[in-house]
Each structure stands twice: as C-alpha cells, then as structure tokens.
Amino acid sequence: MSEPRTRIVCPIDFDQDGRQVGHLRLPFSSNRSAYGWIGIPIAQIKNGTGPTVLLNAGSHGDEYEGQFTLSRLIRELDPARVQGRIVVIPALNAPAAFGHARCSPIDGGNLNRSFPGEPDAPDSRPTAAIAYWVTNVLLPLCDALLDLHSGGKTLDYVPSALVNRHGEDDPRFPRRLEALRAFGAPIGYIVEGGSVSAGGGMRAPTLIAQADARGMLALATELGGAGTTSLETLKVARRGTYNFLAHVGVIEHSRDTEELPEPRLVTVGGAGYYVHAPCRGTFEPAFALGQDVETGQLCGWVHQIDDPAAAPVEVRFEREGVAFCKRPITEVERGDCLAHLGTDWRG
Ligand code: CA
C-alpha cells in the first residue's frame, strides 16, 4: 500500500505498551498563526497483544457524553487491565468541539458526513483532512470501533446505541447485534441500509460505515442531547463503553462493566420514520420523549403566533413505534427534524 497522503502528524507510538497522551497536529495556517497547527487530543492505552479498539467522540462538537466519558477513561484506565490496544480520541473534530458546535467553525464541515475524507486536503478543509487520516492511517490498525454520539443541541434522545445493517443478508450483522446488546443502552436500534439520512448503504459517509466496509465491528450511540448531559446519560455512556471493551475482549469484566438492562431493540428505516416541520413557526409537541405512538398519531402543532385566529398546522407520525428522538428547540423552520421513531425489531 502506498503512503497515506496526509499532513497530520501523530505523536503516538502504536507499538509501545503503557499509556500515551498527546495531540495530533493538524496543520492550520491562519491570520492569527501563520505556521500553526490545531491539537486534536489522542491517547493510547496498550498492554501486550490483543484486539485494537478505537474509542471516538466529538465528531460533532456539541455532543458531550462521549467527550466526558473518554477523557475520564484516558485518566483512569490502568494499562495493566488492558490486553491489547485502546486508541482514544475524545474530540475528533477538535475545532467543532472547542467551538461547542456540530460542524467545524473553520470550514463548516460535518465530520461524520465527510468520510472517507480527502487526500492532500488543504488547510482550508481541515474536516476532510481529519476524515482522511482516520480512514487511511488509524482504521487499518483497528479491529473494533465505538463512535460516541448524542443528539447535539438540536435533538434529544432516549439513551441509545446503534448498528448498521447493510441488506437482509449482511453476514456481519449478527456480530453487531451482539455488541449492541452488550453495550446495554435502554434502546438499541438498527439502521437499515447504513444511513439514517440517505439510505446510502456501505457508501454512507459516516465513520461506522467506513468501519463496516473494512469488516471491523462498529457500534455508535445517541446518548442524550439538547446540548447538555445528565446523570443518566453519562451513566449509560460510561457503563456502555466499558461493557463494549469487555465484549471485544480488550479488558476483563469488572465493577465498571456492571450489566445494564436488556435494550429495547428497534429498527429505523427511511423517511417515514422521521417527522419534519412543514413550515416555519413555533412547535408545540403533543408527545413525550420515549412515548409509544400509533400511525397517524399527532406529533404536535406548528403555531403562527402573530396570527392567533389561524389554526396551527398539525404534524403527525407516519408510523407506529417508540418516539425516542425529539427536537428540544421550539423555534422551527420548514424541514427541521422534529422527532423520529423506531419500530420494534422482529428479527
Ligand atoms: Ca452526532
């Protein structure tokens, strides 16, 4: 294989035992720093031989459970407990994380829609440069991936974990389903076709789709959201992360891997699982996060507050299931996602 075409410099010696903590150097020439680089925190905790697991968070900078959980894990996980190698990146799109934003404030890049990235990406496209480095330098070293997401500022989730299923005969799906159960979030959901937004299968531009295409074991999460955290979402994040590490076999089961409830397994397919605002206005929900809903049930109303004589616009669920994602912001524009549901998995 030819050398990856990246200018990112990595401080980690992937063959060295013990704990290493440093920063990837992402070259970035700007008005305030002509020859500067942006530091993306990275750590490795390695002991002997065994599987290599990538723990990732902060692809979206306004999703915090993973950032907190992985930063803490870097500080507290004793290398002696590890059999193999754990690479930890708590804020992969560091410019977005530092700016508390979903997308990078530098180039507007949405990292988890940017895989596999671009070779030789210029300084003006740091998001594509990060995606390329992960795809071409890091993933080839790894056997398993846990990509920790939450809903961010504009969505709120019942704590969930998710895997892709690439068609009905996907040979690696049963192994993913086992990992989904092992993580132990209250909801485990299966994304049909591998892309929530476009049904793009293995070509979906997400990190877990890249990992799936390489035959890795890949799991993602949606742990909470609304731009904040809670004791409950942080507990699910922490236990789930340790459960995943034990499931893969890179640590032993222990107090940290205490069992969580068996998840409710649901499936999420195409557009009918999502409810979007039909117009600009002020959204009043008619459901609670985590509620079971029927096909055609009222999701809420979009009000035109400047015209109290006008009836609000009703918005309805198109399918039955559990409404486990909700927009926590009242102000809406046409096309904003208000909610999504999953239907019970009958596999
Ligand atoms: Ca996310």
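For this structure, a couple of remarks:
- Number of positions in segment 273-305 that are without any contact (Cβ under 8 Å) to a residue 40 or more places away in the chain, over 18 Å from PRO328 (Cβ atoms) and not hydroxyl-bearing (Ser, Thr, Tyr): 7
- Scanning segment 171-186 for residues that are in a loop (DSSP other than H, G, I, E, B), of a type outside the set (A, V, I, L, M, F, W, C) and under 18 Å from the mean Cα position of the chain (by Cα) gives GLY184, PRO186.
- Among the candidates ALA91, ALA101, residue that is surrounded by fewer than 20 Cβ atoms within 10 Å (Cβ to Cβ), closer than 13 Å to GLY58 by Cβ and within 14 Å of the ligand (Cβ to nearest atom): ALA101
- Of the numbered criteria (1) polar (S, T, N, Q); (2) loosely packed, with under 14 Cβ neighbours inside 10 Å; (3) within 17 Å of ILE187 (Cβ to Cβ), the one THR343 fails is (2).
- Selection from segment 46-63 of residues that are within 11 Å of the ligand (Cβ to nearest atom), assigned to a loop (DSSP other than H, G, I, E, B) and touching a residue at least 60 places away in the same chain (Cβ under 8 Å): SER59, HIS60, ASP62, GLU63
- Among the candidates PHE317, PHE324, the residue that is more than 24 Å from THR228 (Cβ to Cβ) and modelled with pLDDT of 95 or more is uniquely PHE317.
- Pairs with Cβ under 9 Å, 6+ apart, first in segment 139-152 and under 11 Å from ASN56 (Cβ atoms), second acidic (Asp, Glu) and within 15 Å of the ligand (Cβ to nearest atom): LEU148/GLU63; LEU148/GLU65; HIS149/GLU63; HIS149/GLU65; HIS149/GLU222
- Residues satisfying the stated conditions in segment 74-108, i.e. free of Cβ contacts under 8 Å to residues at least 24 places away in the same chain and part of a helix (DSSP H, G or I): ARG75, GLU76
Yes/no per residue for (1) at pLDDT below 95; (2) on the phi > 0 side of the Ramachandran plot; (3) surrounded by fewer than 24 Cβ atoms within 10 Å (Cβ to Cβ):
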| site | (1), (2), (3) |
| --- | --- |
| ARG172 | no, no, yes |
| PRO186 | no, no, yes |
| ILE190 | no, no, yes |
| MET202 | yes, no, yes |
| ILE208 | no, no, no |
| ALA226 | no, yes, yes |
| VAL236 | no, no, no |
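- Boolean, THR282 is more than 27 Å from ALA161 (Cβ to Cβ), polar (S, T, N, Q) and either touching a Ser or Thr at 6+ places or on another chain (Cβ under 8 Å) or loosely packed, with under 13 Cβ neighbours inside 10 Å (or both): yes
- PRO308 vs. criteria surrounded by fewer than 17 Cβ atoms within 10 Å (Cβ to Cβ), over 23 Å from VAL191 (Cβ atoms), in contact (Cβ under 8 Å) with a residue 40 or more places away in the chain and more than 24 Å from the chain's Cα centre (by Cα): no
- In segment 206-225, of all residues being assigned to a helix (DSSP H, G or I) and over 12 Å from the mean Cα position of the chain (by Cα), the one that is nearest to PRO51 (Cα to Cα) corresponds to ALA211.
- Any hit, segment 123-132, residues being over 19 Å from PRO11 (Cα atoms), touching a His at 6+ places or on another chain (Cβ under 9 Å) and within 16 Å of the ligand (Cβ to nearest atom): no
- Residues in segment 3-35 that are under 24 Å from the mean Cα position of the chain (by Cα) and within 14 Å of PRO95 (Cβ to Cβ): ILE8, HIS23, LEU24, ARG25, LEU26.
- Looking across segment 148-168 at every residue that is out of contact with any Phe, Trp or Tyr (no Cβ under 7 Å at 6 or more places or on another chain) and in a strand (DSSP E or B), the one that is nearest to the ligand (Cβ to nearest atom) is identified as LEU148.
- Inclusion of CYS337 among residues that are closer than 27 Å to GLY193 by Cα and either surrounded by 13 or more Cβ atoms within 10 Å (Cβ to Cβ) or free of Cβ contacts under 8 Å to residues at least 60 places away in the same chain (or both) is warranted.
- Residue in segment 281-298 that is more than 25 Å from the chain's Cα centre (by Cα) and among the charged types (D, E, K, R) present: yes
The values are calculated or read from the model by the stated rules, or taken from the named source; none is laboratory data. Since this is a predicted model, take the numbers as computed values, not measurements. For neighbour counting, all protein chains shown are included, and Cβ atoms are generated from backbone atoms with ideal geometry for every residue, glycine included.
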